[in-house]
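The values are calculated or read from the model by the stated rules, or taken from the named source; none is laboratory data. Remember, it's a predicted structure, so these values are computed and weren't measured experimentally. No Cβ is skipped: glycine too gets one built from the backbone with ideal geometry, and neighbour counts run over all protein chains shown. Note: areas computed on protein heavy atoms with side chains; ligands, DNA, RNA excluded. Shrake-Rupley method; radii C 1.70, N 1.55, O 1.52, S 1.80 Å.
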Amino acid sequence: QVQLVESGGGLVQPGGSLRLSCAASGSIFKSLCMAWYRQAPGKERDLVANITQGGSTYYVDAMKGRFTISRDNAKNTVYLQMNSLQPEDTAVYYCNVHPPLMRYWGQGTQVTVSS
């Protein structure tokens, strides 16, 4: 069983940056493909980026060049560095395995981009 706790969200101005963290419990973390997802108001929850057990990454086109996903297996943590944030990035951000499993959804962390 894995529990995931997201943190690092907040209010940021357009063009600003945030770094999200997802702390995972359980010794199997390093064997999991991890991902960040987000859900904007009134929209479905969508994939943002994922990172394999070996560190290979994938980004949705809209995030390429702005977001960076990384992981620290020693700390059981996955990160999402977000730069050049825009109002359309406003959403609740969640981490999960990839593909996602219902039982691993946490509370998420709110990111609001506004001037």
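Other residues with beta-carbon under 15 Å from the beta-carbon of residue 23 carry, at +1 per Lys or Arg and -1 per Asp or Glu, a net charge of +2. Mean projected area of the Cα convex hull of the chain, taken over all directions, amounts to 6.5 nm².
Couplings 3J(HN,Hα) of region 10-18, computed from phi: x, 9, 9, 7, x, x, x, 10, 9 Hz, in residue order, whole Hz [Karplus 6.51 cos²θ - 1.76 cosθ + 1.60, θ = phi - 60°; x for Gly and Pro]. Which log10 I(q)/I(0) values, to two decimals, does region 1-53 give at q = 0.14, 0.15, 0.19 Å⁻¹ under the Debye formula with one point per Cα? For the requested q values the scattering log ratios are -0.49, -0.56, -0.84. May I ask for the net charge around residue 54, where only other residues with Cβ less than 11 Å from the Cβ of residue 54 are counted and Lys, Arg are +1 while Asp, Glu are -1? Within the 11 Å Cβ shell, the charges total +2.
Among 71, 19, the sequence by solvent-accessible area, most first, with a 1.4 Å probe is 19, 71. Sequence-ordered 3J(HN,Hα) estimates for region 73-82 from the Karplus curve with 6.51, -1.76 and 1.60 and θ = phi - 60° stand at 5, 5, 9, 6, 9, 10, 10, 9, 8, 10 Hz, glycine and proline given as x.
What cysteines in the chain have no other cysteine with a beta carbon less than 4.7 Å from their beta carbon? Cysteines lacking a close Cβ partner in the chain: 33. Among 63, 82, 102, which one shows the biggest mean-square fluctuation in a GNM of the chain, springs joining Cα atoms closer than 10 Å? Highest fluctuation of the listed residues: 102. Phi angles across region 43-53 convert, under the Karplus curve 6.51 cos²θ - 1.76 cosθ + 1.60 with θ = phi - 60°, into 3J(HN,Hα) values of 10, 6, 7, 10, 5, 9, 6, 9, 9, 6, 4 Hz, Gly and Pro given as x. When the chain is treated as a GNM with alpha-carbon contacts under 10 Å, the residue of 94, 104, 79 showing the greatest mean-square fluctuation is 104.
Between 72, 46, 61, the residue with the greatest mean-square fluctuation in the GNM of the chain (Cα pairs under 10 Å linked by springs) is 61.
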